[in-house]
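Working notes, structure below.
The values are calculated or read from the model by the stated rules, or taken from the named source; none is laboratory data. All values reported here derive from a predicted model rather than from experimental measurement. Reconstructed Cβ throughout: ideal geometry from the backbone, glycine too, with neighbour counts over all protein chains shown.
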Amino acid sequence: MARSTKQSRAKKHSFAGKQDGEEVILVEHRHPIVLRRQLIIGMLVILVIILPWAIATANVYDWQVYANWFLLFGMFGLAFYWFRAWVGWYYSVYVLTTYRIMIVEQRGFFSREVSELALTSVQNVNYKIKGIQASMFGFGDISIDTLSGSDPLQLKTVHKPVRYQQAVLEVIRREGLDK
């Protein structure tokens, strides 16, 4: 059920440069665990900005007003930091179509990098789930070898890499691109 729903949502996607007859098969985000560093840093920032406020409020110091402003600006800054990280995660996707694989990497609000590989150039698709975290949360890296012999295309921290690998291989077989 979840797979058919995800595939039906993927077919509704449209993007610039979409060719005639090209169909979106699968759209995958990086695993949300990539946001853990920002979450940990944010928790430490919360401790740092709450500490002066708590001391000033508990003891009714003269600088309580400044502690309140420090807390307010600190929380706004943290919300901006977390929102920027979320935007980078949400708009970074791996797109599989009937003709190509696209990697869209969003960094912050105004920086985007798009790479693509024609499925006719795919020689081999491998995945690797390495470590206890990756095994527990179900994410891994996918390596796509090309016919040109250049460095393989790397898709990092893909949620359920087996599903993505199988989808790529299925499209290649179905479209007759493995000749």
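What to note about this one:
- Among the candidates GLY138, GLY108, GLY131, residue that is touching a His at 6+ places or on another chain (Cβ under 9 Å) and either at positive phi or surrounded by 15 or more Cβ atoms within 10 Å (Cβ to Cβ) (or both): GLY138
- Residues in region 101-146 that are in contact with a helix residue (DSSP H, G or I) (Cβ under 8 Å, 6 or more places away or on another chain), over 22 Å from TYR91 (Cα atoms) and outside any loop (DSSP other than H, G, I, E, B): 8 in all.
Each row is one residue, and each column tells you yes or no for (1) within 14 Å of ARG100 (Cα to Cα); (2) in contact with a Pro (Cβ under 9 Å, 6 or more places away or on another chain); (3) of a type in the set (Gly, Ala, Ser); (4) touching a residue at least 40 places away in the same chain (Cβ under 8 Å).
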residue	(1), (2), (3), (4)
LEU119	yes, no, no, yes
GLY131	no, no, yes, no
SER135	no, no, yes, no
ASP141	no, yes, no, no
THR146	yes, yes, no, no
ASP151	no, no, no, no
GLN154	no, no, no, no
TYR164	yes, no, no, yes
GLU170	yes, no, no, no
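- Of the candidates ASP141, ASP151, ASP145, the single residue that is of a type in the set (Asp, Glu) and under 15 Å from the mean Cα position of the chain (by Cα) is ASP141.
- All conditions but one from (1) within 17 Å of the chain's Cα centre (by Cα); (2) under 24 Å from LEU44 (Cα atoms) apply to GLN106; the one that does not is (2).
- Unmet requirement for ARG9, which otherwise passes all of (1) of a type in the set (D, E, K, R); (2) modelled with pLDDT of 90 or more; (3) surrounded by 11 or more Cβ atoms within 10 Å (Cβ to Cβ): (2)
- Matching option when the condition is surrounded by 15 or more Cβ atoms within 10 Å (Cβ to Cβ), at pLDDT below 90 and not hydroxyl-bearing (Ser, Thr, Tyr), among GLN123, GLN64: GLN64
- Checked against the criterion of being aliphatic (A, V, I, L, M), at pLDDT below 90 and surrounded by fewer than 18 Cβ atoms within 10 Å (Cβ to Cβ), region 152-165 has no qualifying residue.
- Residue check for ILE132: closer than 18 Å to ARG30 by Cβ and in the same structural domain as MET102 (by TED's automatic domain parsing): no
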